[in-house]
Amino acid sequence: MMTPNSIASNSSRGSIATVSVAVAIFGVLALIIAGRTIDHAMSIQAMTFIALVTAFLVGTGMWAGNLLDRNPFDETKYEDTLVKYGVFASMFWGIAGLLVGVVIALQLTFPNIFYFPEWGWTNFGRLRPLHTSAVIFAFGGNVLLATSFYVVQRTCRTRIAGGMWPWFVFWGYQFFIVLAATGYLLGVTQSKEYAEPEWYVDLWLTIVWVAYLLVFLGTLWKRKEPHIYVANWFYLSFIVTIAMLHIVNNLSVPVSWTGTKSVQVFAGVQDAMTQWWYGHNAVGFFLTTGFLAIMYYFIPKRVNRPVYSYRLSIVHFWSLIFIYIWAGPHHLHYTALPQWAQTLGMTFSIMLWMPSWGGMINGVMTLSGAWDKLRTDPVVRMMVVSLAFYGMATFEGPLMSVRAVNSLSHYTEWGI
């Protein structure tokens, strides 16, 4: 008789073939593009993708061949191997991104020594987006992938859904990082800050991100815990909103399906508004709500205390979701953006101060009755320091969004 666990296991085994076929199809498309393109950069990018796909398929085949009668997707156990891979990837990309940051800092400080005009790929203009993307999207993105897979399993008391698909999300995201990074070095960008990758890389990331959303939703769907813990609310908002931002901001028409260049759908002030709607909310939902989800799970877990105020965490969530998305125009003070739009961004930025501090206070006060952990537990110490810096940053942001204050630092190196 087939049990629910055996049915789930058979379905998960089938996902190995499904994922492998899907990845192979993309590899064939890349091979066709590599054969037809006259764009040297696209040829390199296509061959890089083919190499990644080949390595993935060979690795998957070797892994599947060693399974025999062993079930790799045991529904009675959490999928923590995937989480470990995410931690290792985070450490690798974090170190790589920081090293590139050191190089470009040396270029700014000692341009006569560390600037090599004969090697175009070492130019500051190519290494700077490599540094920012490596730290934000490669390091930060892998942290969020790993922790979201870890937290959702434990708060739902079930194994992550999708069988092989979570592994596709992980490796597909690494493919995105490699394609974006090699593209930067080749000079292939669409010149949009924090959204530099060209159309074909954006398209690949969209596919991976939709798979990520479905895996996360599937895990919530089959949960054994009736309540959806607040950390999962933050993770889900991060996944959904980043998908929306990524798709809208990267709307473009390729000049050729076998070339790297594309033409943006938006132009002029509309393009600027869309770009900083994306840029601000990439910070808001990639670097804020995702990491707040980490805080809402790991601080209570480390100090063995419930969240200080669960009601406040819900208010914190909905306030951020409603207010954050409107604050992007504060990046465009003293520009051609209409005054009313600048004022709207400034107003919502000031409103953000209170919910941001509410979340910070909620995290810190969760230590009530366990303040000794600050002395004995280095993990708690790091998280509380993070919350303190979060509090300072979310005070500075609303303050600098006020036009009169913004005029003091506008177009200086203080703002990024």
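The values are calculated or read from the model by the stated rules, or taken from the named source; none is laboratory data. Quick caveat: nothing in here was measured; it's all calculated off a predicted structure. So basically every Cβ, Gly included, is an ideal-geometry build from the backbone, and we count neighbours across all protein chains shown.
Some notes on this structure:
- Residues that are in a loop (DSSP other than H, G, I, E, B), in contact with a Lys or Arg (Cβ under 8 Å, 6 or more places away or on another chain) and over 17 Å from Thr147 (Cβ atoms) do occur in segment 255-263, at least one of them.
- Within segment 376-416, the set of residues being more than 24 Å from Tyr297 (Cα to Cα), loosely packed, with under 14 Cβ neighbours inside 10 Å and of a type in the set (Ser, Thr, Tyr) comprises Ser407, Ser409, Tyr411, Thr412.
- Where Ile38 falls short, out of the listed (1) farther than 25 Å from Ala161 by Cβ; (2) modelled with pLDDT under 95; (3) surrounded by 12 or more Cβ atoms within 10 Å (Cβ to Cβ): (3)
- Some residue of segment 377-391 being basic (Lys, Arg) and in contact (Cβ under 8 Å) with a residue 12 or more places away in the chain: no
- Residue within segment 160-174 that is closer than 29 Å to Lys301 by Cα, of a type in the set (Ser, Thr, Tyr) and within 15 Å of the chain's Cα centre (by Cα) present: yes
- Scanning segment 392-416 for residues that are in contact (Cβ under 8 Å) with a residue 24 or more places away in the chain and of a type in the set (D, E, K, R) turns up just one, Arg403.
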